[in-house]
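Remarks on the structure that follows.
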Amino acid sequence: MVLSETRAGTTVITLRPHLSADWRQVKRFMALIAAVVFVVAAAWSAAGIWLALPFAGLEVGLVCFLMHRVCFRLSYLYQRITIEPERVLIEQGVRGPPRRRWELSRPDAHLHVILPARSVDLPRLILRDDESGLEVGAFLHAEGREQARRALRGAGLMETSDRWWETAGP
């Protein structure tokens, strides 16, 4: 998801991954899985196979741990790109204040697009200045990357491409 807002010469573009389920829905799904697994384990335990209970607990614990590691982080992951007249500030974090910050010099900053070599690949968006570069929107799908590309161009950043002899698209 790409959100863009401009105020007083400053453009703020926020990038978030597109998710099919938010964290609340994932927690409901984990509760449903746990309920089903424990009902089946309780039935086996009542039949005398009590060893099913510890393995059911291990299974539910592992599924919940992995779902938390993947879904919780993605639900709250963001990149915020602030384009001001004198600098470009890129902040990345997971819920709350940003954990990492990069600052690029605005006069030298530009969007470098690495076009895909194969049709199944996605274009890569890299914000660069004379000293450094940073890939943005790596977690976005193709449509989201195109929206981010348009938003960055709309904010006044010049676009370059690794294959300058080809048209980069709209």
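Pairs needed: first member in segment 29-56, more than 19 Å from residue 68 (Cβ to Cβ); second member anywhere, assigned to a helix (DSSP H, G or I) and open to solvent by 80 Å² or more (accessible area, probe 1.4 Å); C-beta distance under 6 Å; at least 6 residues apart or different chains.
As it stands, the answer is 52/44, since those pairs meet every condition given.
Step by step: first the residues of segment 5-22, then only those that are touching a helix residue (DSSP H, G or I) at 6+ places or on another chain (Cβ under 7 Å) and surrounded by 17 or more Cβ atoms within 10 Å (Cβ to Cβ), then the one that is farthest from residue 83 (Cα to Cα). Which residue is that?
17
Could you name every one of the strands (runs of 3 or more DSSP E) located completely within segment 97-170 that has at least 2 residues being open to solvent by 60 Å² or more (accessible area, probe 1.4 Å) and not hydrophobic (A, V, I, L, M, F, W, C)?
Those strands (runs of 3 or more DSSP E) span 100-105, 124-128.
Would you call residue 52 more than 28 Å from the chain's Cα centre (by Cα) and more than 30 Å from residue 111 (Cα to Cα)?
Numbers: more than 28 Å from the chain's Cα centre (by Cα): yes; more than 30 Å from residue 111 (Cα to Cα): yes.
Criteria met by residue 52.
Could you identify the single residue in 93, 48 that is open to solvent by less than 30 Å² (accessible area, probe 1.4 Å) and either under 29 Å from residue 125 (Cβ atoms) or not in a helix (DSSP H, G or I) (or both)?
On the way: 48 fails: open to solvent by less than 30 Å² (accessible area, probe 1.4 Å).
On inspection, the qualifying residue turns out to be 93.
Which condition from (1) in a strand (DSSP E or B); (2) farther than 30 Å from residue 155 by Cβ is the one that residue 43 breaks?
(1)
Do we find that residue 63 is open to solvent by 30 Å² or more (accessible area, probe 1.4 Å), of a type in the set (A, V, I, L, M) and at pLDDT 85 or above in this structure?
yes
The values are calculated or read from the model by the stated rules, or taken from the named source; none is laboratory data. Bear in mind that the values here come from a model prediction, so they are computed numbers and not experimental data. Ideal geometry is used to build each Cβ from the backbone, glycine not excepted, and the neighbour counts take in all protein chains shown. Side chains included, ligands, DNA and RNA excluded: accessible areas come from the protein's heavy atoms. Shrake-Rupley method; radii C 1.70, N 1.55, O 1.52, S 1.80 Å.
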